[in-house]
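> To start, I am sharing the structure in question, which I have written as structure tokens.
A short reminder: the numbers here are calculations on the coordinates, not readings from a lab. Fair warning: this is a prediction, and the values are worked out from it, not measured in the lab. Virtual Cβ from ideal backbone geometry, glycine too; neighbours counted across all protein chains shown.
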Amino acid sequence: MRPRLTGYAFITPAMLLLITFGVLPIAVAMIVSLTDMNLAGLGDWSRIRFIGTDNYAALFADRAFWQAMGNTALFAIVGVPSVVGLSLLIALGLNSSQSRFFRALRSFYFVPAITAIVAVALVWGYLFNTQFGLFNHLLSLVGLPPVPWLSDPVVVKFSVVWVAVWRGIGLNVIILLAALQGVPREYLEAASIDGASRLRQTVSIVLPLLRFALFFVTITTIIAWLQFFDEPFVLTKGGPLGASTSISLFLYQKGFSASQFGYASAGSVVLFVVIAVITVVQLRARRADVDY
Amino acid sequence: MSTTEIRRRRRVRPGVIVIGAVLAVGAVLTAFPFLWMIFGSVKPRSESVAYPPQLLPQEPTFEYFVELFVKLDFGRYLVNTLLIVAICMVGLLLMAAAGYGFAKFAFPGRDALFFLVLVTMMIPGQVTMIPSYLILNGLDLTNTLIGIALPMLVSGFSVFLFRQFMTTIPDEVIEAARMDGAGEWRIFLRIVLPMSGPILAVQVVLTFIAGWNSFLWPLIIANDQRLYTLSVGLSLLNQQIATNPALQMAASTLMVVPILVVFVVFQRYIVQGFALSGLK
């Protein structure tokens, strides 16, 4: 075998799969979004009609779509700063000592991130339960009335965000800790010899050096919140009355519960464009940041 | 004495004790739902719906674990989940091969193809979900284990990580093996893979976790109950929340405990993996 062909031989299996399920779907979504494809069309392609941009027009006139977009925006606005801020505080705290005790503490923060969402969402559903749940019991102990955690249209948004923040922190703590370990110790020692306080060292030396990691964490967290799905799906199915339906959940419901593939594809193309725009804007901002 | 030992013996600052205490409280709060789950899984029904709720079970029972396997089909879901994890490990080899191809061979179109790999890292799963379903439906692979596994086999991120790592393997080693007459696949399996130990370990752990926990995709593609994975089976127990929380907690425990074991054993590699990905 000649080396040149060998290169292709090594990459071909993975590339075929990656293109089939990573790149091709974008093209398929764009095409399907211009048709009225539904369950009937799935079995018999002759029943699919080309309807141009009707799906997009219908989508933009759909109140449920805008409700899901609004919810997703709210989730991201509340969730992203909470996750990034808390992850940074926890990572800085965990990094303040290398003792065995601190190492052991790390695991506790990581665990929610690696366990199955379905399992943890069920546990949270149990804790949130209005009849025999723990949270309302704790509130009653301090004389507060019970809270309808998952059945009130306003409260439910914050309940699902709470669970997602709890789960989202672990991964970012790992990334930030890895970055913190790359901060050269000599810088901090030099600063402390010069009399800089711990806080001063953190603000003036550590945070600037963490810029890339913080940028990475922020951008991946934003994308994760735009794709927010699991928590509302398992905890509330998007209810009550769509109050916790994210855009991903909306797409799932249209695509797989209602089998409106064309309509749902139009929605996923819109989601793709939104995520692409946000990513490009962030990358631009990052470039400007490096240039100064 | 190593540097970490010197650090450990240094006088502990009072600030660190306060930080440690705050972090410890946070850690207990973070882990609390898991404690609740594990204790909840051995409560008899009357205790699990009792008010006020108690953390510790008074009369622990394992009847719900038995029920999961005897009355419900969780044995089958467990086998399906393990099969998916096994298939994903095959995918890992394909991704390692691709990483090696990109790292150590020059061929026309390589950079363009690698750019494609990077692009796929940015495309959200929910965008590809419906088209992937349509593609698999076109191939008659819905409702098959292969159909569940295929889209999960490769990820751009893993190919990227493998490539980054394998670029650091010296060309001389590979050349020497070639001189000795070793075939290309033999070089890959016998030399390159063993030299990629650290990155391989990370990816095996992450692949295990991802395969074990996979939820949305198996939910979409498997309508046949015989193909359900643990997470899909578990989500169907959701309807019983009002009636039998203990059964759900038992099933949740079944899903979470193996991951906890894998994590505790391999957590060193997980942290290392993120350090390796160039974020330090």
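> Provide the per-residue ³J(HN,Hα) series for region B:56-68, in order, calculated from phi with Karplus coefficients 6.51, -1.76, 1.60 and θ = phi - 60°, each as a whole number of Hz, with x at glycine and proline positions.
8, x, 7, 10, x, 9, 9, 4, 6, 5, 4, 4, 4
> Okay, next question. Counting just the Cα atoms, what span does region B:119-207 cover along each of its three principal axes? Round to the nearest Å and put the largest first.
48, 25, 23
> Under 10 Å, Cα contacts only: if you run a Gaussian network model on chain A, which one of A:Y263, A:Y187, A:Y109 comes out with the highest mean-square fluctuation?
Most flexible of the set in this elastic network: A:Y187.
> Got a sec? How would A:S248, B:S235 order by Cβ neighbour count within 10 Å, fewest to most?
Fewest-to-most Cβ neighbours within 10 Å comes out as B:S235, A:S248.
> Taking only the Cα atoms of region B:150-250, how large is their convex hull per residue, in Å³?
Spelled out: Cα convex hull of region B:150-250, divided by residues, is 137 Å³.
> Another one. Is the shape of region A:70-131 rounded, prolate or oblate, going by the alpha carbon gyration tensor and its root eigenvalues a ≥ b ≥ c, with a/c under 1.5 for rounded and a/b larger than b/c for prolate?
oblate
> Could you give me D for region A:1-137, from Stokes-Einstein at 37 °C and 0.692 mPa s, where the hydrodynamic radius is the Kirkwood radius over C-alpha pairs? Units µm² s⁻¹, please.
This corresponds to a translational diffusion coefficient of 153 µm²/s.
> Based on the Cβ-Cβ distance from A:Q282 to B:V66, what FRET efficiency comes out when R0 is 51 Å, to the nearest 0.05?
Efficiency, from the Cβ-Cβ distance: 0.50.
> Taking the Cα centre of the protein assembly as shown as the origin and placing charges on Cβ (Lys, Arg +1; Asp, Glu -1), which of A:I11, B:A250, A:T245 is farthest toward the positive end of the dipole?
It is A:I11.
> P(r) for region A:180-290, please, calculated from all Cα pair distances in 5 Å bins and given in %.
Each 5 Å bin holds this share of Cα pairs: 2, 10, 14, 13, 12, 10, 9, 8, 7, 6, 4, 2, 1, 0.
> Under a crude label model (7 Å from the Cα following the beta-carbon direction), how far is B:D73 from B:D180 in nanometres?
5.1 nm
> With a Förster radius of 56 Å, plug the Cβ-Cβ distance of A:Q98 and A:R49 into 1/(1 + (r/R0)^6) and report the FRET value to the nearest 0.05.
FRET efficiency, A:Q98 to A:R49: 0.30.
> In whole Hz and in residue order, list the ³J(HN,Hα) couplings for region B:90-103 that follow from phi through the Karplus curve 6.51 cos²θ - 1.76 cosθ + 1.60, θ = phi - 60°; x for Gly and Pro.
Once θ is set to phi - 60°, the couplings for region B:90-103 become 4, x, 4, 5, 4, 6, 5, 4, 5, x, 5, x, 6, 7 Hz.
> Here's a follow-up. Please report the base-10 log of the normalised intensity I(q)/I(0) for chain B, using a Debye sum with one equal scatterer per alpha carbon and no solvent, at each q in 0.08, 0.14, 0.16 (1/Å).
-0.50, -1.14, -1.27
> Still on this model: Hey, in the GNM for chain A with a 10 angstrom Cα cutoff, which one of A:F216, A:F158, A:F101 fluctuates hardest?
Maximum fluctuation in the GNM of chain A, among the listed residues, is at A:F101.
> Relative to the Cα centre, what is the charge dipole magnitude of chain B, using +1 at the beta carbon of each Lys and Arg, -1 at the beta carbon of each Asp and Glu, and rounding to the nearest 20 debye?
So the magnitude is around 1040 debye.
> Ranked by Cβ crowding within 10 angstrom, fewest neighbours first, how are A:E189, B:E172, B:E63 ordered?
Ascending number of Cβ neighbours within 10 Å: B:E172, A:E189, B:E63.
> Show the residues, 5+ positions off or on another chain, whose built amide H is closer than 5 Å to the amide H of A:T35.
A:I51
> Could I ask something else about it? Using the C-alpha gyration tensor of the protein assembly as shown, what are the square roots of 5 times its eigenvalues, in whole angstrom, with the largest one first?
Taking √(5λ) for each eigenvalue gives 36, 35, 25 Å, largest first.
> Here is a follow-up. So between A:H137 and A:L16, what do we pick up on full extension, going 0.36 nm a residue minus the alpha carbon distance?
Between A:H137 and A:L16, full extension yields 38.1 nm more.
> Under the 0.36 nm per residue contour assumption, what length would be gained going from the current alpha-carbon distance of A:L144 and A:E186 to full extension?
9.9 nm
> Could you give the size of the charge dipole of chain A about its Cα centre, using +1 on the Cβ of each K and R and -1 on the Cβ of each D and E, expressed in debye and rounded to the nearest 20?
Dipole magnitude for chain A comes out near 540 debye.
> Now a separate question. If you look at just the Cα atoms of region B:1-132, how large are its Rg and its Dmax in Å?
25.6, 69
> Would chain A count as rounded, prolate or oblate if I go by the C-alpha gyration tensor, calling it rounded below 1.5 in a/c and otherwise prolate when a/b exceeds b/c, oblate otherwise?
Oblate, since a/c reaches 1.5 and b/c is not below a/b.
> Compute the orientation-averaged projected area for region A:107-189 from the convex hull of its Cα atoms and round it to one decimal in nm².
Averaged projected area of region A:107-189's Cα convex hull equals 8.1 nm².
> For B:I146 and B:Q54 in one chain, what is 0.36 nm times their gap in residues minus the Cα-Cα distance, to one decimal in nm?
Additional length available on full extension: 28.7 nm.
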